[in-house]
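First the structure, in the form of structure tokens, and then the observations on it.
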Amino acid sequence: GSATATSAACTLTFADSGFLLSVPDQTANKPVTGTIQAVRKSDNSASCVPAFASVTRTVNFWSGYSNPTSTVNTAAPAIKVNGTAIGKSSAATTALSLAFDATGKAALTSVNYTDAGEMILNASYSGSTANNDSGLTLTGSDTFVSAPAGICIAPATTCSAGDASCPAFKRAGETFSVSLTPVAWESDSDTDLCTGNAV
């Protein structure tokens, strides 16, 4: 026989949906905790409700450079999320399995960038028939700043003894050169930014 299309069979329901990412500004090389929340617009208000809840889903991540440049720098280190280096373009995403709670939120327990700059962390999800959410697409991003832990200031010459046995460095009023090097976080108890810190 032949099938007859009904209006009920052709009804489509659309809802605004996406990811709300939150990554705090950080000190270079010091991991921070962020969050990602899958949300959609409520059916009866303008508020957000979970797009999915109490499930584990695979989310694709990639990073971008906002400042000093928006161009992908292949030599720069990768942002790490939960210990995994993240791809640097939407063509080279990194998939992470995340457990979303009842509010549609999952923790990004460790977000780390070892260099300095303003970064963008992007996320996307595409639904599947296996997850009963075929056609669902969620995207989102957040911008955060990674700042140096401090600046190592070092003269051109030094005396490792650091006492009266060292020759006079310069006389008062003489000019001398120093180098300034921004460095990454090493530990909260770090007292010497010129020893052991990554540049």
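The values are calculated or read from the model by the stated rules, or taken from the named source; none is laboratory data. Just so it is clear, the structure is predicted and the values come from calculations on it, not from any experiment. Don't worry about glycine lacking a Cβ; one is built from the backbone with ideal geometry, like all the others, and counts go over all protein chains shown. SASA here: full protein model, heavy atoms, side chains in, ligands and nucleic acids out. Shrake-Rupley method; radii C 1.70, N 1.55, O 1.52, S 1.80 Å.
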Could you tell me whether any residue of segment 163-178 is open to solvent by 60 Å² or more (accessible area, probe 1.4 Å), under 21 Å from Pro68 (Cβ atoms) and not in a loop (DSSP other than H, G, I, E, B)? no
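Checking the structure you have, find out if any residue of segment 143-165 is polar (S, T, N, Q), over 27 Å from Cys194 (Cβ atoms) and in contact with a strand residue (DSSP E or B) (Cβ under 8 Å, 6 or more places away or on another chain).
yes
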Restricting segment 43-88 to residues that are outside any loop (DSSP other than H, G, I, E, B) and open to solvent by 60 Å² or more (accessible area, probe 1.4 Å), the one modelled with the lowest pLDDT turns out to be Cys48
Flagged in segment 1-26 as of a type outside the set (A, V, I, L, M, F, W, C), at pLDDT 85 or above and either on the phi > 0 side of the Ramachandran plot or in a strand (DSSP E or B) (or both), in numbering order, are Gly18, Ser22, Gln26
Report every pair of residues separated by at least 6 positions or lying on different chains whose Cβ atoms are under 9 Å apart, first residue within segment 147-160 and open to solvent by 90 Å² or more (accessible area, probe 1.4 Å), second among the aliphatic types (A, V, I, L, M). Ile151/Leu180; Ile151/Val183; Ile151/Leu193; Ile153/Val178; Ile153/Leu180; Ile153/Leu193
Would a scan of segment 133-148 turn up a residue that is more than 16 Å from Arg40 (Cβ to Cβ), modelled with pLDDT under 95 and over 12 Å from the mean Cα position of the chain (by Cα)? no
Determine whether segment 27-36 contains at least one residue that is open to solvent by 40 Å² or more (accessible area, probe 1.4 Å), touching a Phe, Trp or Tyr at 6+ places or on another chain (Cβ under 9 Å) and at pLDDT below 90. no
In segment 91-115, what residues are in contact with a Ser or Thr (Cβ under 8 Å, 6 or more places away or on another chain), open to solvent by 30 Å² or more (accessible area, probe 1.4 Å) and within 16 Å of Asn60 (Cβ to Cβ)? Thr93, Ala95, Ser97
Based on what the data block shows, is Thr143 surrounded by fewer than 18 Cβ atoms within 10 Å (Cβ to Cβ), β-branched (Val, Ile, Thr) and farther than 19 Å from Ser63 by Cβ? no
Can you name the residue in segment 118-140 that is among the hydrophobic types (A, V, I, L, M, F, W, C) and in contact (Cβ under 8 Å) with a residue 12 or more places away in the chain and, of all such residues, is nearest to Lys80 (Cα to Cα)? Leu121
Of all residues in segment 89-118, count the ones that are closer than 19 Å to Thr143 by Cβ and either modelled with pLDDT of 95 or more or assigned to a strand (DSSP E or B) (or both). 9
